[in-house]
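Data block below; observations after.
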Amino acid sequence: MGISGKKILVLISGGIAAYKINYLIRNIIKQGGETQVILTPDAEQFVSKLTLATLSKKPVFSDFYGPNGEWNSHVEMALWADAIVVAPCTANTLAKMVNGICDNLVIATYLSAKCPVFIAPAMDLDMYQHPSTKLNIQKAKEYGHHIIPAENGELASGLIGQGRMAEPENILNTLNNHFDTAYKKSLDNKKVLITAGPTYEAIDPVRFIGNHSSGKMGFALAEESAKRGAKVLLITGPTTLDIQNPNVKIIRITSAKEMLNKVMEHFQNMDIAIASAAVADYAPKEVAEEKIKKNDDSLILELVKNPDILKTMGENKTKQLLVGFALETQNEEENAKLKLAKKNLDFIVLNSLRDNGAGFKKDTNKIKIISKTTVTEYNLKSKNEVAKDILDAVENMLHTK
């Protein structure tokens, strides 16, 4: 199951994120996988061959020839692998890969591979957004490679933005998901609509009312649904997240009204709908056409209620299994049960901001799943694992309907 028993060839290029690969290799070994590590010449400036060899339990190569003149066969290593991971993949190495510029052992091994290739880019934000990098990533996708998108955060330059290599656990999850054959396609032929992220309600052209939702839970649900065979429509508010899966179509919106319009445009064609978005309850009654100047000591905004997207879905439900979310800070279970009934849901997922590790922008969550007859509590887990629990509950309810 997963990477257990699989041979993973790890190709490391010369970026500061190379230090994180120690954790990836250690965990591949802990989960029963096997690794072989190859470095570009520049990568040797960032990581120790001795450390990598100790963790991988194999010699680490960076040149075509060994110390005694023996040939390090890139062909044999490429054919040995069940998967190749290029991490970190710098702009330089990516350009060489997609254009066949073979001037080191890493590129020669990559060019000899017949197995799936996973690429985890890592570079400064301007480099990541440069048209040449975007073109090279697109080429890699066209070659059939799997891109593990760079994440948002503080970069080695001191700037903040997208360009950080995906965390080792996310790379490992991607590999496990690829090799995981334990799943039957339990949602084959099902159409799933998922809402995710926040909504932003404009005050003027530069300011808005919003919340801290990152969209991580909704994106995890979309990935898990697609893995189970569903065709997924993900309608998301502003977020830096992305999914590279042909079974997931992403529609990006900004405001609650835009989300409502897109949801109701597609809702009747769906089998399952999961509303995990954190929709703003109120929006400014009037939006200033120009930036509001800071002339007074106070500013009064009149707010009006936003449309209740989940309630509208419940009122228009025909065949759909409908799941909502409740984020509460007091009387959590009581409020969630009221929402369950009021909005005509099949079940509701309750999180509490009082639980450590749960809530906005976290990689973990702690939930209760509440239906009309049951309450099931779960331990703190990664949002990927929480997505599995939620979709297991969806499948169980589908089977009993």
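The values are calculated or read from the model by the stated rules, or taken from the named source; none is laboratory data. Note that this is a predicted model, so its numbers are computed, not measured. Glycine gets a Cβ as well: all are built from the backbone with ideal geometry, and neighbour counts include every protein chain shown.
Name the pairs whose Cβ atoms lie under 9 Å apart, with the first residue in segment 229-250 and closer than 30 Å to Arg207 by Cβ, the second of a type in the set (Asp, Glu) and part of a loop (DSSP other than H, G, I, E, B), and 6 or more positions between them or separate chains? What qualifies is Ile250/Asp242. Criterion first (of a type in the set (A, V, I, L, M, F, W, C), surrounded by fewer than 19 Cβ atoms within 10 Å (Cβ to Cβ) and over 25 Å from Gln45 (Cβ atoms)) does Cys115 satisfy it? Taking the combined requirement at face value, the residue satisfies it.
For first residues located in segment 10-26 and among the charged types (D, E, K, R), partners that are part of a loop (DSSP other than H, G, I, E, B) and buried (at least 24 other Cβ atoms within 10 Å of the Cβ) and lie 6+ apart or on another chain with Cβ distances below 8 Å form the pairs Lys20/Met165.
Residues in segment 53-100 that are in contact with a strand residue (DSSP E or B) (Cβ under 7 Å, 6 or more places away or on another chain), more than 28 Å from Tyr128 (Cα to Cα) and in a helix (DSSP H, G or I): Ser56, Met77, Trp80. With the structure loaded, tell me whether Asp42 is acidic (Asp, Glu) and in contact (Cβ under 8 Å) with a residue 12 or more places away in the chain or whether it fails that test. Criteria met by Asp42.
Here Asn211 passes the criteria (1) in a loop (DSSP other than H, G, I, E, B); (2) within 18 Å of the chain's Cα centre (by Cα) except the one numbered (2). Please specify each residue of segment 133-155 satisfying the condition of being of a type in the set (A, V, I, L, M, F, W, C) and either assigned to a strand (DSSP E or B) or surrounded by 15 or more Cβ atoms within 10 Å (Cβ to Cβ) (or both). Within segment 133-155, Ile137, Ala140, Ile147, Ile148, Ala150, Leu155 meet the criteria. From the list Val232, Val263, the one residue that fits, being β-branched (Val, Ile, Thr), modelled with pLDDT of 95 or more and either at positive phi or assigned to a strand (DSSP E or B) (or both), is Val232. Cβ-Cβ below 6 Å, separation at least six or inter-chain, first residue in segment 64-87 and surrounded by fewer than 17 Cβ atoms within 10 Å (Cβ to Cβ), second part of a helix (DSSP H, G or I): which pairs? If the second residue must be part of a helix (DSSP H, G or I), the pairs left are Phe64/Leu105.
Pairs linking a residue in segment 325-339 that is closer than 18 Å to Val279 by Cβ to a residue that is modelled with pLDDT under 90 and surrounded by fewer than 18 Cβ atoms within 10 Å (Cβ to Cβ), with Cβ atoms under 9 Å and 6 or more positions apart or on different chains, are Leu327/Leu353; Leu327/Phe360; Glu328/Leu353; Glu328/Arg354; Thr329/Leu353; Thr329/Arg354; Asn335/Glu328; Ala336/Glu328.
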